[in-house]
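Read the structure below first, then the notes.
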Amino acid sequence: MSDGEGEGEGEGDWNFYLQTVSNSARDSTVDNDPASDPSLLHALKKLCDFCTQQQKPSEDLVARVYPHLNKLFHRSVASLSQSTTSNGLLLLVILQFFLDFGEMVLHDADPSLHTFIRSCLSREYANPVVAAATLDFLYVNKKKLLISFPNLLPQFFPLLLKVIAWNGEKLEKPFLKVFPGLVSPGSFLPLFSSLVDLPILVVALEKVEQSSGSLLGNSVASTQESKATEMLLALMDEAYTGTNIGDEGGNSSEGSSNIDVSDPLFRELLKDENDGLAERHWASPGVVAVLQAVKNSPQSDRLKQILNIAPRLLDAYFTIALRDANNSLICALIPILMTRNSMMFPDNNYMYETRRRLLEFMLAAFQLSPGFIALLKKPIIDRLGDVYDSTEKTELALQLCWAVGEHGGGGEAHKDVARELFESLELLLYENLSSCRLGPRQDCAVNSNHRNISRSSQSRLLCFVITAITKLATHHRELLPRARVALVKVARSRISDSRVKMRAQDYLGLMDEPGICLSVLGPSRPSDGLVHHPGTVNWIDGGTKMVAHIPFYILGEQEGPPFHDFLFSDVFPGRR
């Protein structure tokens, strides 16, 4: 022992702990589980403390401990399938030693980390003590893991999501500390779908537990061979066909055969490793049946917690995406986001909170990179065509209308795309105008084609559409004649909501004043070659600009040009 050892522990204590670990590592008895010895974990921690408390770790000390820890690690992993006690804490202490002194003893910790996650965490993620210790281990070593093993957490993010899905709010804060490590180019897209589907994952895990017993010590990742998953799918069959899985007659087996045990959605949900972006079959009868059954049943406490946690995890995900993700990944994410906007767990508050975040991120992405609108022309046009299908699709179409108009269809360089988007907006406008001309008795015919859209919603839709049309024409002046025709038709139509006609008349008046129209409806950010935002005031030039340069008569709803002529400095003497 070196002189730098802690004063509270002598050489005799160190030898005792080393002997304890050595005996356990040499024990070849198959039935003797290392974790069953309560003194072993304490001895391991003390040995690791001896090694880490040295001002300069002794190579001799580390070299004497390492062989025993390495043997004990492999022996503990080998005993997992027969173990009745948790090996997680034991393995985490050994892993910490490997990370701290791996270079000194020439030990590559990567295989050990993979072995722990695949063999131990996949069985013990439902153990709250092991789950909390694992998250603490990942957080303490996050810099080492990011530098030396950058693909570890992104590879196993589905298993780590099981940790938070099963353990809930008590592990939310430590999980959020580790969460940024889950995001990488390879996990960016599949992670989004998994976050949105966290409530479904909880339902799946709870069904597995109900049908096959406690999840502690059981891995449910191998869905094709797992009896637990077959039971889950049998429960789905019960919900869909009414067959009782408790029946032992022929009807039960016949009903169960209607569901494939390799159902893609549940195989995707219950996996432990990231194998790329997979299609999620939300329209399959089994999935629809499970969701309907859950909707009609009381929610468990675990499900209630994850319904609150998932939107907050999406907040963290979107923050990382806007800060770190490249444009290619964000552009690829937006169509997935559009699809998932109407495909999520059927809980009203969860759907509202999640959709709000999806739409806010989409608009933020367009704000950062308006060119996305041109690249995503086809999915945008498709979503504009789905405006009548449901209220959530209507809201998505409204936000897309706003984005298309606000960012000029992608910018000045994308005139062809702007024209195609303009034509889609025209079609949407004329469809709604034709329905608005019909009388009350013809309302039923309208509703057969324009489902789920009320008169008030239709007025809101028309306001969004004519605003987008006017903004597009302001960005791309070759579209002005067509925009005028569209606005005139709205202004002269027999729409019952006068606000829509007034909006169209206002825009027609603005278009008669090109400079003012550009200030009010022009781009909110400078285009290429422009150094100044149209419609904004540069206060540095306040001494030379006149108030007459601002259309006060529009803001004050007055007719005619302003009659005054004085300087900004007269009004704001402190802003020079």
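The values are calculated or read from the model by the stated rules, or taken from the named source; none is laboratory data. Everything numeric in this text was worked out from a predicted model, so none of it was measured. Cβ atoms come from the backbone with ideal geometry, glycine included; neighbour counts cover every protein chain shown. Remember, those area values only see protein heavy atoms, side chains included, never the ligands or the DNA or RNA. Shrake-Rupley method; radii C 1.70, N 1.55, O 1.52, S 1.80 Å.
Summary of packing: across the peptides 360-370, 493-503, the per-residue average of other C-beta atoms within 10 Å ranks them, highest first, as 360-370, 493-503. With the charge dipole of the range 343-425 set up from +1 on Lys and Arg Cβ and -1 on Asp and Glu Cβ about the Cα centre, the Cα lying farthest toward the positive end among the listed residues 399, 411, 345 is that of 411.
Separation of the range 363-387 from the range 457-486 is 17 Å, based on Cα centroids. Longer than 19 Å from Cα to Cα, which of 170/304; 377/471; 393/471 are they? Say none if no pair is. From the list (170/304; 377/471; 393/471), the Cα-Cα distance tops 19 Å for 393/471.
Rolling a 1.4 Å sphere over the protein heavy atoms, what is the accessible area per residue of the range 91-189, to the nearest Å²? Let's see the in-between values first.
Values: 3800 Å² over 99 residues.
I get 38 Å² per residue for the range 91-189.
Rank-order 421-430, 268-277, 321-330, 480-489 by packing density, defined as the average count of other C-beta atoms within 10 Å over each peptide's residues, highest first.
Ranking, from highest mean packing down: 421-430, 268-277, 480-489, 321-330.
The range 297-336 and the range 397-437 have Cα centres separated by 29 Å.
The listed peptides 110-116, 94-100, ordered by packing as a protection proxy, come out as 94-100, 110-116 (highest mean of other Cβ atoms within 10 Å first).
Tell me whether the range 291-434 comes out rounded, prolate or oblate; compute the Cα gyration tensor, take square roots of the eigenvalues as a ≥ b ≥ c, and use a/c under 1.5 as the rounded threshold. Intermediate results must be reported in sequence, preceding the final value.
Details: a/c = 3.16, a/b = 1.50, b/c = 2.10.
Here the range 291-434 falls in the oblate category.
Among 417, 62, the order of accessible area from largest down is 417, 62, computed with a 1.4 Å probe on protein heavy atoms.
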